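Asker: Here's a structure for you.
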Amino acid sequence: MAEICYRQGIRHVVISPGSRSAALTLAFVRHGGFQAHVCIDERSAGFIALGMAQQIDSPVVLICTSGSAVYNFAPAVSEAFFQQIPLLVLTADRPKEWQHQYDGQTIYQTGIFGQHVKRSFEVSPDYQHSDVQWAINRITNEAVNLASITPNGPVHVNVPIREPFYPISGEDFQPSEQVRVIKRQINQPVWPQGEWEELLDEWEDASKILIAGGQGKPDHALNAALTRITNEWDIPVLGDCIANLSGSEEFIRHQDLFLGAKEAENLRPDLLITFGMSFLSKEFKLFIRKNPPKWHWHIGEDAFLADPFQSVTREIPGKAQQFFSDLFEKLDYQSFVENSELAHDTSYHALWMQNERIARQKKLETLSNLSTFSDLTLLSSMFRYIISDFQLHIANSMSVRYANVLGTKNNWSGVYANRGTSGIDGCVSTAIGAAKVNGKPTLLVVGDVAFLYDRNGLLINSLPQNLKIVMINNAGGNIFRMIDGPGSLPELETYFETRHSFSAKRTCEDSGIAYFQVSDLAETDATVQAFLNADGIALLEGFTDPVENKRAWKALKHAMHN
C-alpha cells in the first residue's frame, strides 16, 4: 500500500500513534519516501492533513488505530468531503470475528464515515492468497485515483490486521514484487457547438449580466479571464474574500454591506453566472432569492446539483477558468464577424460600482471613527501592517465575517477557511497543516472558542515557524450577541456565549510559541508591529469586550443605510 501511494505521487502522511496500526505506520515510515507528521489527537491530525492537501492539491494519507480513534477523524473527513479536498484515510481495524467479544477498541468501522467519503473500501485481514494481494493492489490504486478525481474528496480504506503486527528483530519491510500502479487519465469535457449556441443566445437576450464567485483557490488564469471580461465589457464580477478574486479594482467585494439596503432591488440581474463553492455573503444569497434572475448558469465540477440561490437554470460542467476564456473568445469573435458591440447594459456595471465605492468609503469612515478597542480595531490594524505576501487562514463564526469586510485590500497569496461544513473544529490545525507545506508567511485569525477547542493541534513536535496566529479573546462565542435571536435572551451568556476566563498564554508556553497580548487601542499598532516582526511562530491575543464588539459591528452595518 505504501509503495503504491508513493508511486502515485503521495508524499505526506499524518500518523496518530496506536498499536493495531503499527504495521501501517511502519510501512509508511520505513518506506523512506514520505514526510511523516505525528499528531496524538486524531481530530487535530485529520485537519492537519486537510490543511496540507488543501495546499498541495494532492492526497495526504491519514493513519490511525482501531476503535474510537477512527471516529475522531470524522469532522475533518466531512469538511474535506464538502470542501472537495483529497484525503486517503487508512484505518487499522480488528478482524470482524472479534466484534462483541469484549475485545478492546473494536467497533463497527466498515463504512463508518457514511456518505461523507467518496467511497469506502475494506481489505481482507488474510493476505496469503494471491487474489487477496491482487485485490489490495487494485483497491489501493482505485482509492488514490478516486481521491484525485474531480470533484476531489476523502476516500476511506479500512484495514483489518491480525496479530502479530510488530516486526521481529531484523525483519525488513519490502514492497511486494507484484506491485502494479494503475494510472487514470483525465477526462476533458468537450461541449458541442449547439450547446454553445444556446448559451450565446441567452447571453444576447440578457441586458443585465452579473458574475459571482463562491469559495475557490487562487487561480491566476481565472482572475485574468474575469479581469478582461469586467474591464473590456463592463460586466460586474463579485466575490467574498474566500473566492480569491484578485487582479482588478473593479471586482465587487463589499456586497454583504450594501445589499441589505432597499434601493438594492435595481441590482437584480437578468443573467447570473456563478462558479465556485459556498458563498459567505448571506445578504447576497438572500438578495438573489428575493430577486431571481431569468437565467442562472452555474459552472462547476460538483457531483451534486448545488442551488443555494434557488434559481439555477443551467448546470455547466467544467473549470470556470476554461469556460470564461472560451466564452470571451466566442463572443469576441462573434462581435468581430458581425461588426457590432455586445448588447448588454453597461450602466448596470456602473450601478454596482457606485454601490461598491460608497460602501468602501463608509467602511473607512466608520473604522476611523471607532475610538475604543474592539475586534474590528485590532484586525483593522493587523491588516494595515501586513506588508509581505501572507497567506490568510480564517476561523469560522465572526472571524471570517470580520476578514470578509476588512481584508479585501491586502495582496494575500490566498485566503482559506473551512466553509465546507463551517464548523469551528479544526481551524487551528488546518492552518498548521497548510503552513507546514506552503512555504509562505501564514496568518491565522481565530476566535477564542475555536482556538481553545482545537489547541491540541499545537501538540505536534515540529510547529511551522512561518505561522502567526491572531486570537480574538472576547471571552466567549461573541457571534451569538451579533445575530438576531440569542442576542436578546437572558440565557445568552451562560448557554450560548459560554463565558469563560481562559487565555492562550499557557498554551503558548507549553508549545514554545512567542506570546503577545493587547487590550488597549493606544498600544495596538506597536504591539501588532512587534508581533509581525517576531522571528518564528508567534501568537497575539487581543482581549476585547463583547459589548463594545457588538457596538462597533452594528455601527459598521448601520453606516451602509444612512
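Asker: Can you tell me how many residues in segment 399-434 are touching a His at 6+ places or on another chain (Cβ under 9 Å), of a type in the set (Ser, Thr, Tyr), under 29 Å from Met560 (Cα atoms) and buried (at least 24 other Cβ atoms within 10 Å of the Cβ)?
Answerer: Result for segment 399-434: 1.
Asker: For Ala80, are the conditions met, namely being among the aliphatic types (A, V, I, L, M), part of a helix (DSSP H, G or I), out of contact with any Ser or Thr (no Cβ under 6 Å at 6 or more places or on another chain) and surrounded by fewer than 19 Cβ atoms within 10 Å (Cβ to Cβ)?
Answerer: Numbers: among the aliphatic types (A, V, I, L, M): yes; part of a helix (DSSP H, G or I): yes; out of contact with any Ser or Thr (no Cβ under 6 Å at 6 or more places or on another chain): yes; surrounded by fewer than 19 Cβ atoms within 10 Å (Cβ to Cβ): no.
In short, no.
Asker: Quick one: would you say Val117 is closer than 24 Å to Ala435 by Cβ, under 21 Å from the mean Cα position of the chain (by Cα) and crowded, with 17+ Cβ neighbours inside 10 Å? So that I can check it myself, show each step before the final result.
Answerer: Values: closer than 24 Å to Ala435 by Cβ: no; under 21 Å from the mean Cα position of the chain (by Cα): yes; crowded, with 17+ Cβ neighbours inside 10 Å: yes.
So Val117 fails the test.
Asker: Residues Asp302, Asp345, Asp307: which one is over 28 Å from Tyr416 (Cβ atoms), of a type in the set (D, E, K, R) and either assigned to a loop (DSSP other than H, G, I, E, B) or modelled with pLDDT of 95 or more (or both)?
Answerer: Values: Asp302 fails: over 28 Å from Tyr416 (Cβ atoms); Asp307 fails: over 28 Å from Tyr416 (Cβ atoms).
Result: Asp345 is the single residue among Asp302, Asp345, Asp307 that is over 28 Å from Tyr416 (Cβ atoms), of a type in the set (D, E, K, R) and either assigned to a loop (DSSP other than H, G, I, E, B) or modelled with pLDDT of 95 or more (or both).
Asker: Restricting to segment 225-274, count the residues that are more than 19 Å from Leu200 (Cβ to Cβ), assigned to a loop (DSSP other than H, G, I, E, B) and among the acidic types (Asp, Glu).
Answerer: Summing the residues that are more than 19 Å from Leu200 (Cβ to Cβ), assigned to a loop (DSSP other than H, G, I, E, B) and among the acidic types (Asp, Glu) in segment 225-274 gives 3.
Asker: Specify which of the listed residues (Gly111, Gly170) is modelled with pLDDT of 95 or more and surrounded by fewer than 15 Cβ atoms within 10 Å (Cβ to Cβ). Step through it out loud before you land on a result.
Answerer: Values: Gly170 fails: modelled with pLDDT of 95 or more.
None of the others qualify; the one that does is Gly111.
Asker: Ok, one more. Any residue in segment 166-190 that is closer than 20 Å to Leu26 by Cα sitting within a Cβ distance under 6 Å of a residue that is small (Gly, Ala, Ser) and modelled with pLDDT of 85 or more? List the pairs, counting only those 6 or more apart or interchain.
Answerer: Matching pairs, first to second residue: Tyr166/Ala22; Phe173/Ala27.
Asker: Considering every residue within segment 255-262, establish whether at least one is under 13 Å from Met353 (Cα atoms), at pLDDT below 95, surrounded by fewer than 20 Cβ atoms within 10 Å (Cβ to Cβ) and among the charged types (D, E, K, R).
Answerer: Narrowing segment 255-262 to residues under 13 Å from Met353 (Cα atoms): 255, 258-259.
Imposing the further condition that a residue be at pLDDT below 95 reduces the set to 255, 258-259.
Narrowing further to those that are surrounded by fewer than 20 Cβ atoms within 10 Å (Cβ to Cβ): none.
No, segment 255-262 contains no residue that is under 13 Å from Met353 (Cα atoms), at pLDDT below 95, surrounded by fewer than 20 Cβ atoms within 10 Å (Cβ to Cβ) and among the charged types (D, E, K, R).
Asker: If you don't mind, there's one more thing I want to ask. Given the residues Gly542, Gly536, which is the only one that is under 14 Å from Ser381 (Cα atoms) and in contact (Cβ under 8 Å) with a residue 12 or more places away in the chain? Reasoning before the result, please.
Answerer: Details: Gly536 fails: under 14 Å from Ser381 (Cα atoms).
Within the list Gly542, Gly536, the selection yields Gly542.
Asker: Starting from segment 194-210, keep only residues that are over 13 Å from Lys330 (Cα atoms), then list their pairs with residues that are at pLDDT 90 or above and in a strand (DSSP E or B) whose Cβ atoms are within a distance under 7 Å, requiring at least 6 positions of separation or different chains.
Answerer: From segment 194-210, the pairs are Glu202/Leu271; Glu202/Trp295; Ala206/Leu271; Ala206/Trp295; Ile209/Leu271; Leu210/Leu272.
Asker: What residue, of Ser325, Ser340, is in the same structural domain as Ile235 (by TED's automatic domain parsing) and more than 26 Å from the chain's Cα centre (by Cα)?
Answerer: Ser340
Asker: Hey, among the residues in segment 493-522 that are exposed (fewer than 15 other Cβ atoms within 10 Å of the Cβ) and more than 26 Å from Cys39 (Cα to Cα), which one's farthest from the chain's Cα centre (by Cα)?
Answerer: Among residues in segment 493-522 that are exposed (fewer than 15 other Cβ atoms within 10 Å of the Cβ) and more than 26 Å from Cys39 (Cα to Cα), the one farthest from the chain's Cα centre (by Cα) is Ala522.
The values are calculated or read from the model by the stated rules, or taken from the named source; none is laboratory data. No experiment lies behind these values; they were computed from the predicted model shown. All Cβ positions, glycine included, derive from the backbone under ideal geometry; neighbour counts span all protein chains shown.
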